[in-house]
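Below is one structure, written out as structure tokens; comments come after it.
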Amino acid sequence: MPASTDELLARLLAGIEREEAHAIELRRRLHGNPELAHAEHATAEAVEAELPVPCTADAGTGRLAIVGGGRAAPVAVRAELDGLPIH
């Protein structure tokens, strides 16, 4: 029998809760060492190291990772992680 919407939501929220502290630490680490646009080499490497799937470089500092497969539709996420030259 397939899981109900409530069961799926509970599993999703539990998974998010398990990862929250680590995600906050990663965000703080990335924000603590900002890199300007098209020069986010350490940022791209840090994000790639955190992903549970292999990545390929794309457009310099971009990364492509395919999540899912088989019968599941792939997921695409785009994020801007460049810093601004502000003092």
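The values are calculated or read from the model by the stated rules, or taken from the named source; none is laboratory data. Because the structure is predicted, anything quoted here is derived from the model rather than measured. Please note: Cβ atoms are built from the backbone with ideal geometry, for glycine as well, and neighbour counts cover all protein chains shown. To get the accessible areas, we keep the full protein, side chains included, count just its heavy atoms, and leave off ligands, DNA and RNA. Shrake-Rupley method; radii C 1.70, N 1.55, O 1.52, S 1.80 Å.
Compute the long axis of helix 5-32 from its Cα atoms, compare it with the longest principal axis of the Cα atoms of the chain, and write down the angle in degrees, 0 to 90, nearest 10.
That works out to roughly 10 degrees.
With a 1.4 Å probe and every protein chain left in place, tell me how much accessible area H31 has, in Å² to the nearest 10.
Looks like 140 Å² after rounding.
Loop-only trypsin sites (Lys or Arg not before Pro) in segment 9-87, please: DSSP not H, G, I, E or B, and at most 14 other Cβ atoms within 10 Å.
R71, R78
Keeping all protein chains in place and using 1.4 angstrom, which order do T43, T5, T61, T56 fall into by accessible surface area, from largest down?
I get T5, T56, T61, T43, largest accessible area first.
Once neighbouring chains are kept in place and the probe is 1.4 Å, which whole percent of the accessible area of the chain is contributed by carbon and sulfur?
Using a 1.4 Å probe with all protein chains present, the chain comes out at 61 percent carbon and sulfur.
Do me a favour and compute the ellipsoid semi-axes for the chain from its Cα gyration tensor, root of five times each eigenvalue, largest one first, whole Å.
They are 30, 18, 10 Å, listed largest first.
Just report the Cα centroid separation between segment 49-63 and segment 31-45, whole Å.
Between the Cα centre of segment 49-63 and that of segment 31-45, the gap is 13 Å.
Angle check, please: helix 41-50 long axis (alpha carbons) against the longest principal axis of the chain (alpha carbons), in degrees 0 to 90, nearest 10.
20
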